[in-house]
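Reviewing the structure listed below.
Readers should treat all values here as calculations from the given coordinates under stated rules, not as data from a laboratory. It should be emphasised that the depicted structure is a prediction, and the values quoted were computed from it without experimental measurement. FYI the Cβ positions are ideal-geometry reconstructions off the backbone, even for glycines, and counts take in every protein chain you see.
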């Protein structure tokens with residue numbers, strides 16, 4: 001550990017503050033007592049679906065196609081999750097097996 | 001607000017409303033419990049492996065409650081002290097929360113004193129549960145949403161503390177364990193795909209983000225992706241208005 005306890009607390013406070021700004025800002029910008037632009041109302045309806053796509057890509061951002069090890073573990077694991085989830089629809093099973101497959105691949109195969 | 005009898009904890013009717021909401025909320029949080037058991041423990045283990053024990057993990061999970069930012073924050077804790085960099089990076093990583101807030105503006109209306117906590121605890125997983133699930137008839141919505149958020153927050157704190165505790169007694173190769181985050185969102189994406197007939201918003205999200213990633217690279221793509229997403233959704237709205245309403 002290179003940081004002092006005070007420095008650690010400051011870092012935690014900074015991360016907490018940054019997170020809270022991103023969570024509270026929309027509610028300050030568009031308070032309940034003001035009429036919202038129709039585009040914002042539209043966004044409220046479609047963003048839930050669009051943002052999950054962004055989250056998936058965000059998680060896969062480190063993928064690289066320069067070697068098989070850069071993308072095959074992710075590819076195989078996601079294929080397993082997709083097949084399992086369309087077939088059994090069991091969240092626990094899909095997440096558990098997908099993660100186990102990925103760990104086995106990155107630890108023993110690639 | 002004092003005249004509102006929901007705010008007086010002594011009335012038995014009030015207790016019943018809360019119990020009912022808690023019972024209705026719990027089943028919807030089971031997938032998150034699963035995810036956070038993995039994710040939280042993985043986080044606690046990672047923190048521990050970098051020399052950060054239970055106390056720090058608890059503080060982080062309690063007050064930040066944002067998985068990816070907390071994972072990245074490990075690098076802030078293991079490099080040169082730079083709180084401004086930590087703040088800016090967190091803003092960038094969590095910029096997607098701005099979209100969650102916009103999506104929740106209506107749902108969080110009239111939630112009274114519960115509202116600050118609902119906003120504080122609006123993580124990826126709580127957001128996705130609140131998007132997908134409505135409380136059954138007879139259950140007060142704001143308490144339902146409150147308990148979804150509170151249960152998820154509790155799982156996250158409990159999971160990460162467990163991981164931090166295990167870390168000091170257990171040696172185990174954690175390489176690849178963080179993939180559980182990806183697995184969780186892939187599963188949510190598939191669930192939403194099955195529920196929705198109109199796949200355009202989901203596809204726009206996926207395509208715009210991929211495009212931004214290819215153009216801007218892994219470290220700088222989130223903000224461009226959000227802008228591309230807004231543009232894509234705006235274009236789609238124009239097209240949808242010409243044909244049918246959404």
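Calculated from DSSP H runs of 4 or more alone, at -39500 (n - 2.57) each and per residue, what is the 222 nm mean residue ellipticity of chain A, nearest 500?
Taking each H run of at least 4 residues, the total per residue is -24000 deg cm²/dmol.
Can you tell me the 0 to 90 degree angle between the C-alpha axis of helix A:5-29 and the longest principal axis of chain A, rounded to 10?
Helix A:5-29 sits at roughly 70 degrees to that axis.
Is there a simple number for the mean count of other chain Cβ atoms within 10 Å of the Cβ of residues in B:84-95, and what is it?
Per residue, the average neighbour count from other chains is 5.
When you look at the Cβ of every residue in A:59-68, what mean number of other chain Cβ atoms sits within 10 Å?
3
How large is Rg/Rh for the range B:48-160, to two decimals, with Cα atoms and a Kirkwood Rh?
My calculation of the ratio gives 1.02.
Specify whether the C-alpha gyration tensor of chain B places it in the rounded, prolate or oblate class, a ≥ b ≥ c being the square roots of the eigenvalues: rounded for a/c under 1.5, otherwise prolate if a/b is larger than b/c and oblate if not. Mind showing how you got there, number by number?
Working: a/c = 1.76, a/b = 1.04, b/c = 1.69.
Judged from the Cα gyration tensor, chain B comes out oblate (a/c at least 1.5, b/c at or above a/b).
If a/c stays under 1.5 just call it rounded; otherwise compare a/b with b/c (prolate if a/b is bigger, oblate if not). Do that for the range B:131-240, with a ≥ b ≥ c from the square roots of the Cα gyration tensor eigenvalues. Mind showing how you got there, number by number?
Working: a/c = 2.59, a/b = 1.26, b/c = 2.05.
Judged from the Cα gyration tensor, the range B:131-240 comes out oblate (a/c at least 1.5, b/c at or above a/b).
In percent, what relative contact order does the range B:132-246 have, based on Cα pairs under 8 Å that are 6 or more apart in sequence?
14
Connecting C-alpha atoms closer than 10 Å in a GNM of chain B, tell me which of B:122, B:84, B:62 has the biggest fluctuation.
Checking each option, the largest mean-square fluctuation is seen for B:84.
Largest first and to the nearest Å, give the Cα extent of the range B:196-246 along each principal axis.
38, 19, 12
Please give the helix A:38-59 orientation as an angle from the longest Cα principal axis of chain A, in degrees from 0 to 90, rounded to the nearest 10.
It is inclined by approximately 30 degrees.
Of A:32, B:191, B:124, how do they rank once you tally other Cβ atoms within 10 Å and put the fewest first?
A:32, B:191, B:124
Cβ neighbours within 10 Å, averaged per peptide: list B:40-49, B:68-77 in order, most packed at the top.
Order by mean packing, descending: B:40-49, B:68-77.
Pairs of alpha-carbon atoms within less than 8 angstrom and 6+ residues apart define the contacts here; what relative contact order does the range B:196-246 have, in percent?
31
Summing -39500 (n - 2.57) over the DSSP H runs of n ≥ 4 in chain B and dividing by its residue number, what mean residue ellipticity at 222 nm do you reach, to the nearest 500 deg cm²/dmol?
After summing the helix terms and dividing by residue count, I get -23500 deg cm²/dmol.
What ranking, highest mean first, results for peptides B:234-241, B:218-225 when packing means the other Cβ atoms within 10 Å averaged over each residue?
Values: B:234-241: 13.1, B:218-225: 17.1.
Going by the mean number of other Cβ atoms within 10 Å, highest first, we get B:218-225, B:234-241.
Expressed as a fraction of 2.2 N^0.38 Å, the rule-of-thumb size for a compact globular protein of N residues, what is the C-alpha radius of gyration of the range B:1-115? Let's see the in-between values first.
Values: Rg = 18.7 Å, N = 115, 2.2 N^0.38 = 13.4 Å.
Taking N as the residue count of the range B:1-115, the ratio is 1.40.
Please identify, among A:24, A:39, A:65, the residue showing maximal mean-square fluctuation in a Gaussian network model of chain A using a 10 angstrom Cα cutoff.
A:24
Among A:58, A:49, which comes first, then next, by fewest other beta-carbon atoms within 10 Å?
Details: A:58 22, A:49 25.
Result, fewest neighbours first: A:58, A:49.
Rounded, prolate or oblate: which one fits chain A, using the alpha carbon gyration tensor with axes a ≥ b ≥ c (rounded when a/c is under 1.5, else prolate when a/b beats b/c, else oblate)?
oblate
Relative to the longest principal axis of chain A, what angle (0 to 90°, nearest 10) does the C-alpha long axis of helix A:72-87 take?
The angle comes out at about 80 degrees.
With an 8 Å cut-off on Cα pairs and a minimum separation of 6 or more residues, tell me the relative contact order of chain B in percent.
31
Given springs between every Cα pair under 10 Å in a Gaussian network model of chain B, which of B:128, B:79, B:160 has the largest fluctuation?
B:79
Convex hull over the Cα atoms of the protein assembly as shown, averaged projected area in nm²?
20.1
Across peptide B:217-227, how many C-beta atoms of other chains are within 10 Å of each residue C-beta, on average?
Counting other chains' Cβ atoms within 10 Å and averaging over B:217-227 gives 2.
Would you please report the Å³ per residue occupied by the convex hull of the alpha carbon atoms in the range B:20-79? Walk me through the numbers on the way to the answer.
Working: hull volume 5.2 nm³, N = 60.
Taking only Cα atoms, the range B:20-79 has a hull volume of 87 Å³ per residue.
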